[in-house]
Amino acid sequence: TPDPLITEVQDWASGLGDGVDATPYGLPIQFEQDVVRRNVEWLTADTISSINFTPIHALDGTITPQGCAFERHHSGAIELRKEDYRLMINGLVDTPLVFSYADLERFPRENRVYFCECAANSGMEWAGAQLNGAQFTHGMIHNMEYSGVSLRSLLEEAGLAAAGDFKDKWVYVEGADASSNGRSIPLEKALDDVLVAFKANGEALRKEHGYPVRLVVPGWEGNMWIKWLRRIEVMDGPVESREETSKYTDTMADGSARKWTWEMDAKSVVTSPSPQSHITHGSGPLVITGLAWSGRGSITGVDVSIDGGKTWTEARLGAPGVDKALARFYLDVNWDGSEMLLQSRARDSAGYVQPTKAELREVRGLNSIYHNNAIQTWWVKANGEAENVEVS
Amino acid sequence: GTYGLGRPALPEEIAAWNIDVSPDGTGLPVGSGDALTGEEVFAEKCAVCHGDFAEGVDNWPKLAGGQGTLDHEDPLKTVGSYWPYLSTTWDYVNRSMPFGAAQTLEPDEVYAIVAYILYSNDLVDEDFVLSNETFADVTLPNAEGFFVDDRLQSEAHFWKPEPCMADCKDSVEITMRARVLDVTPEETVATEAVVKEAAAEPVAAEPVVEAAAEPVVEAVALDPELVAKGAKVFKKCKACHKVGEGAKNSTGPILNGIFGATAGMVEGFKYSKPMLAAGEDGLVWDEEALAAFLTKPRKFMKGTKMSFAGLRKERDIEAVVSYLRSFD
């Protein structure tokens, strides 16, 4: 039968649409309103000190739109005007300085794409399969193009002669919000590739991502990417703040804990098909796609398994891997309609291969929360529905 | 500097922001406080979330207990069982607590609170006085419990020149399913709600703030400036109270329609006995009662669970009441 959507004149083909000023700043069309950040209520006591998740199951490409990029606040997202913004550099510098927002705009600028992953991403999956969806298991990640100035240029403006030997020196970085979340970073990293960013994906940072200025610490855990950045202190040791001792440390089976686990190891996940993105078209051509990233370099390849890790096929990267940024992979298959145990395995330029859950647990035990970069399995059933499972 | 940008930071400015405390005590201000005093301060400013004995309320962090559990399943990580440095506790309480009123504590209060946390963990006696001088005498039980990232050695086998591509294992069985646990937020509900909302309101692209503010002003003819000011004042209340569409009880009851309501009547919230009794005696939250309560909560109602110290400025109270009325 002929399709009435073709044979009959539709309203949109006859009447008029919105004028140019209908949405001076647009939102996604209403049909995409389920592509939103989501929260897992039982995780935290209050949304003010909590986290939500990027809808990675519904996105494609590599850039995360700011409006659905995950949020993590410790005392809520604050409103800080550019006019009220101050950045202080003090400690072991020649001249402690205060910069205004306008000052920052006058330093030479850089543009870089980096992923930001919370160290707790996939943390709920340490002891077993728990949350049913890539958004919830792997959604504490986003990937944006940042515009800003290098932290090196700001530190050099204050002068580092007073710091002496850089090797054993640190910077302590903190935010302007009520939590004033603070972290210690080795000075060598601070001088390497850390950015003081004020734009993301071409526009001002969103309030929830630290407007007007945040720190970008490429490849390292998201908690170090201080939002509402207000102070940088050059020090001769780490502060050992709450977020680098009681949190973001990895508890081993024997009760000891690993600290300073800053680099986010190579990791990947199939975003579709996945539990929130079932196969609805039946057998035949199927696009298997997902994301891969590494804090130690660029993604050089991703392998996909449909049989729970017995055999692997190299997937195609949407574009060559970028240093410390998300890579998109595709595997185009002809699905025969039978069950799949779908996995992906990332490889990076450092030669690291994403481990299985069993491999990780063998080293770290079951009591960790942070830095779970294990291979994820989706059980895709014959009806196209997918579920988060663990396999032997 | 290379560019001549920025200006020298003044000593007063550095002193105001440079408050971090290092493990050896560098950065501590002069001051002191004992555990018993700390118990009182803690009861007033911390217990609403962390419990009278630092045992934690609901999902809020437990600060005491857990010693000897780090090698067990689900270890309990507290100041006593896990935190390596006392400086971390002092620094965190001083810079980030109380939740919603950060950086309002005097140094002596911080010393007292930290002394009480030590006491709650059976690490000091009740007459123990923590000061910038006794600070170095305290070593936390898990001080030696941490080691620096050794992944390059202990996980060196994850660097593989040629990962397995075929015949990597003999058999594969499903060993665990997420659906069995059933703890995933129900997404279909959220999706349906969004779609319905979109259908009912074709101008979905309007900024949400405007949509919420407009009916408010029309409904009760409140001074919009005062309501806006009240929204700012309400930030002090937000840690415990939710208001507006979709608000739920948390540490405090939701405040939708609180103006003109009888005290202690929000469904599903566990009030203190005095609050319930006041409601039964007919206490209604009118302008006067709210103002009295918000000025000094615990003077107005002895025994209330609300640990808030009170709003000093009359204008703030007026504003926050206007703001709350906008949710009638």
Which residues, taken from the range B:266-283, are over 15 Å from B:MET301 (Cβ atoms) and modelled with pLDDT of 85 or more?
-> B:VAL266
So which of A:GLY282, A:GLY295, A:GLY321 ends up being at negative phi, open to solvent by 10 Å² or more (accessible area, probe 1.4 Å), more than 8 Å from every other protein chain (Cβ to nearest Cβ) and assigned to a loop (DSSP other than H, G, I, E, B)?
-> A:GLY321
Please list, ordered by first then second residue, the pairs with beta carbon atoms under 6 Å, 6 or more apart or interchain, first in the range A:164-192 and on the phi > 0 side of the Ramachandran plot, second open to solvent by less than 20 Å² (accessible area, probe 1.4 Å).
-> A:SER180/A:GLU174; A:SER180/B:ARG95
Within the set of pairs 6+ apart or on separate chains, which have a first residue in the range A:232-249 that is on the phi > 0 side of the Ramachandran plot, a second that is aliphatic (A, V, I, L, M), and C-beta atoms under 7 Å apart?
-> A:TYR248/A:ALA119
Counting only residues that are surrounded by fewer than 16 Cβ atoms within 10 Å (Cβ to Cβ) and either among the small types (Gly, Ala, Ser) or assigned by TED's automatic domain parsing to the domain that holds A:SER294 (or both), which one in the range A:19-72 is farthest from A:GLN276 (Cα to Cα)?
-> A:GLY19
Going through the range A:238-253 in order, the residues found to be assigned to a helix (DSSP H, G or I), facing another protein chain (nearest Cβ under 7 Å) and either within 20 Å of B:GLU155 (Cβ to Cβ) or of a type outside the set (S, T, N, Q) (or both) are A:ARG242
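For the range B:19-31, check the following and say yes or no: at least one residue is over 30 Å from A:ARG152 (Cα atoms) and open to solvent by 50 Å² or more (accessible area, probe 1.4 Å).
As a first pass, look at the range B:19-31 and keep what is over 30 Å from A:ARG152 (Cα atoms): B:29-31.
From what's left, open to solvent by 50 Å² or more (accessible area, probe 1.4 Å): B:30.
For the range B:19-31, residues over 30 Å from A:ARG152 (Cα atoms) and open to solvent by 50 Å² or more (accessible area, probe 1.4 Å): present.
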Give just the number: which of (1) of a type in the set (A, V, I, L, M, F, W, C); (2) in a helix (DSSP H, G or I); (3) away from chain A (no Cβ under 13 Å) does B:ILE14 not satisfy?
-> (3)
Among the residues listed as A:LEU16, A:LEU80, the single one being surrounded by 19 or more Cβ atoms within 10 Å (Cβ to Cβ) and over 21 Å from the mean Cα position of the chain (by Cα) | A:LEU80
Would you pick out the residues in the range B:72-112 that are part of a loop (DSSP other than H, G, I, E, B), over 19 Å from A:ASP46 (Cβ atoms) and at the interface with another protein chain (Cβ under 9 Å from one of its Cβ atoms)?
-> B:HIS72, B:GLU73, B:ASP74, B:PRO75, B:LYS77, B:THR78, B:VAL79, B:TYR82, B:TRP83, B:PRO84, B:TYR85, B:GLN103
Elements of type strands (runs of 3 or more DSSP E) in the range B:125-220, at least 2 residues being more than 8 Å from every other protein chain (Cβ to nearest Cβ) and at pLDDT 50 or above | B:129-131
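The values are calculated or read from the model by the stated rules, or taken from the named source; none is laboratory data. For clarity, every value in this text was computed on a predicted model and none was experimentally measured. Virtual Cβ from ideal backbone geometry, glycine too; neighbours counted across all protein chains shown. Accessible surface is based on the protein model in full, side chains and every heavy atom, while ligands, DNA and RNA are left aside. Shrake-Rupley method; radii C 1.70, N 1.55, O 1.52, S 1.80 Å.
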